[in-house]
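The values are calculated or read from the model by the stated rules, or taken from the named source; none is laboratory data. Keep in mind the model is a prediction, meaning the values are calculated, not measured. For neighbour counting, all protein chains shown are included, and Cβ atoms are generated from backbone atoms with ideal geometry for every residue, glycine included. Calculation scope for accessible area: heavy atoms of the full protein, side chains included, ligands and nucleic acids excluded. Shrake-Rupley method; radii C 1.70, N 1.55, O 1.52, S 1.80 Å.
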Amino acid sequence: MFSFDADKIEAEIQRVLPYVGTVEVKRDLPNTIEVKIVEETPFFAAEMAGDTYLISSNLKVLERLPDTKAETTDLTILTLSNVRTCIVGQPIEFVNSRTFDAIVSLYKNFEANYIQDKIVSIDVESRFDIYANYDNRFKVYFGDTEDIDIKIRFLIAVIDELEPDATGVINVSNPHEAAVALS
């Protein structure tokens with residue numbers, strides 16, 4: 001009990017169990033160990049090298065599903081490029097770390113505006129040309145993530161002005177004016 005190293009145990013639990021998001025191990029002398037675990041939830045599905053990976057909202061790779069298409073997972077499909085490593089139990093690593101930051105920022109802003117469940121897919125093959133499929137109704141062009149909160153609020157305002165069954169393309173890359181092409 002006295003040589004107990006909580007940090008090492010926490011790190012080992014996270015290494016062995018990818019779905020563990022956070023873990024807190026506490027020793028309560030004389031003979032009790034308390035373990036608190038918060039589970040990661042998959043939000044994204046991404047296809048890479050012929051396999052589908054389930055990925056959390058903070059881009060931790062949770063699971064590899066060989067012979068499975070991302071479309072069959074009911075998760076937001078994430079299209080990526082320039083991935084350096086994709087290892088289960090670790091965050092995705094990109095050639096340019098700013099791509100990681102752009103995707104996390106995008107998700108956090110979707111969540112802050114309560115539309116994360118409306119996002120069917122996100123294409124981040126270039127962090128300067130980001131596209132999203134909104135509710136299988138609109139292809140949305142964001143450009144980059146600069147002013148992304150304003151762009152998302154602008155998108156919501158534009159959609160609110162359209163008919164409930166409208167479909168098409170919405171360009172909110174300029175946070176001062178949107179372009180809408182209905183189909």
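Six or more apart or on different chains, Cβ atoms under 6 Å: show the pairs whose first residue is in segment 25-43 and more than 22 Å from Val104 (Cβ to Cβ) and whose second is of a type in the set (Phe, Trp, Tyr) and open to solvent by less than 80 Å² (accessible area, probe 1.4 Å). Every condition considered, the pairs that remain are Arg27/Phe4. Within segment 48-70, residues that are touching a residue at least 12 places away in the same chain (Cβ under 8 Å) and closer than 15 Å to Ser121 by Cα reach partners that are surrounded by fewer than 18 Cβ atoms within 10 Å (Cβ to Cβ) and small (Gly, Ala, Ser) with beta carbons closer than 8 Å, at six or more positions or on different chains, in the pairs Ser56/Gly21. Considering only residues of segment 80-118 that are buried (at least 16 other Cβ atoms within 10 Å of the Cβ) and aromatic (Phe, Trp, Tyr), which is nearest to the chain's Cα centre (by Cα)? That would be Tyr107.
Screening Gln116 on (1) closer than 19 Å to Asn58 by Cα; (2) without any contact (Cβ under 8 Å) to a residue 60 or more places away in the chain; (3) polar (S, T, N, Q) shows it passes everything except condition (2).
Can Val38 be described as in contact with a strand residue (DSSP E or B) (Cβ under 6 Å, 6 or more places away or on another chain), at pLDDT 90 or above, aliphatic (A, V, I, L, M) and open to solvent by 30 Å² or more (accessible area, probe 1.4 Å)? Yes. Any chance segment 119-132 includes a residue that's among the polar types (S, T, N, Q) and either more than 30 Å from Glu10 (Cβ to Cβ) or surrounded by fewer than 16 Cβ atoms within 10 Å (Cβ to Cβ) (or both)? Yes, that holds for at least one residue. Across segment 146-172, what is the number of residues that are open to solvent by 40 Å² or more (accessible area, probe 1.4 Å) and under 28 Å from Ser97 (Cα atoms)? Counting residues in segment 146-172 that are open to solvent by 40 Å² or more (accessible area, probe 1.4 Å) and under 28 Å from Ser97 (Cα atoms) gives 7.
Inside segment 48-154, counting only strands (runs of 3 or more DSSP E) that do not spill past its ends, which hold 3 or more residues that are closer than 28 Å to Val20 by Cβ? Once the strands (runs of 3 or more DSSP E) in segment 48-154 are filtered for at least 3 residues that are closer than 28 Å to Val20 by Cβ, what remains is 51-56, 61-66, 76-80, 83-85, 119-124.
Once segment 68-79 is narrowed to residues that are within 15 Å of the chain's Cα centre (by Cα) and at pLDDT below 95, the residue that is nearest to Asp51 (Cα to Cα) is Ala70.
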